[in-house]
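Some notes on the structure that comes next.
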């Protein structure tokens, strides 16, 4: 049976790479993001391999989430795989210096956005007694590092929600997995440093960081195991990284 996957944050980074590998393996796609032009370009590109529909909305806006998911075309309505990938980091300041707007953005997208999307999709999975939810966390959800404070808190929440979903949905035969990458070279640092490209580039200098495709390959592997297999929690580092703050840079 052909699977249908719903991917948040699909217009860049891990979400985009996951959409590409899913498309090439004939998985039907519901691609979600805030940037309409990127969504349309992806639909055109990946439509050569599989059926694609797009939803433009902000995961942090509850009404937008509910409206968008209700609008899904009939032939895409059965969602077999949910990839909760949308997330962000803003700033890298000590707790006393942090901007409250940055805190709100991280908690609204990383935590509440994941909850809004999951709440809208899980009921159809429980009704069918099947489905797979993959939550993209971070090593920031496994340890706290200096100046990471609220971002780390948001990713610790994702880690806890991943575990909670697995417990609550176990009786409904639903698989749940968390994947927690270390340093991945995407637009992540551009956002964190608010467009300061020199600072963002420095994050990935002196070693080989993970690439978005590396994580996408792992996501595809996880979702394609036989249904009785649930790879429930993975931390993925580049070889040069030993922890959130220890990197073997040249």
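Points to keep in mind about this one:
- Mean separation of Cα pairs under 8 Å and 6 or more residues apart, divided by the residue count, gives the stretch 29-92 a relative contact order of 28 percent.
- Gyration tensor verdict on the stretch 45-150 (Cα atoms; rounded if a/c is under 1.5, prolate if a/b is larger than b/c, oblate otherwise): prolate
- Neighbour-count order for 196, 102, fewest beta carbons within 10 angstrom listed first: 196, 102
- For semi-axes √(5λ) of the Cα gyration tensor in Å, the candidate list reads (1) 28, 19, 19; (2) 28, 24, 22; (3) 32, 21, 17; the entry that matches the value derived from this model is (1).
- Ordered by the number of other Cβ atoms lying within 10 Å of each residue's own Cβ, fewest first, 138, 130, 71 fall into the sequence 71, 130, 138.
- Relative contact order computed over the chain (Cα-Cα under 8 Å; 6+ residues apart), in percent: 19
- Against the chain, whose longest principal axis is taken from its Cα atoms, helix 212-223 shows a tilt of about 40°.
- Relative to the longest principal axis of the Cα atoms of the chain, the long axis of helix 13-24 lies at roughly 30 degrees.
- With semi-axes defined as the square roots of five times the eigenvalues of the C-alpha gyration tensor, the equivalent ellipsoid of the stretch 65-123 measures 31, 10, 8 Å, largest first.
- Calculated on the alpha-carbon coordinates, the convex hull of the stretch 179-220 measures out at 65 cubic angstrom per residue.
- Per-residue ellipticity at 222 nm, computed for the chain from helices alone with -39500 (n - 2.57) per DSSP H run of at least four residues, works out to -12000 deg cm²/dmol.
- Sequence-separation-based contact order of the stretch 1-119, relative, with Cα cut under 8 Å and 6+ spacing, percent: 28
- When the convex hull of its Cα atoms is projected in every direction, mean area for the stretch 118-249 (nm²): 8.8
- Sequence of 232, 64 once ranked by neighbouring C-beta atoms within 10 Å, starting from the fewest: 232, 64
- The chain: angle of helix 36-46 to the longest principal axis, Cα-based, in degrees nearest 10: 60
Values quoted throughout were computed directly from the atomic coordinates according to the rules given, and no laboratory measurement underlies them. Remember, predicted model here, so these are calculated numbers, not experimental data. Backbone-built Cβ (ideal geometry, glycine too); neighbour counts: all protein chains shown.
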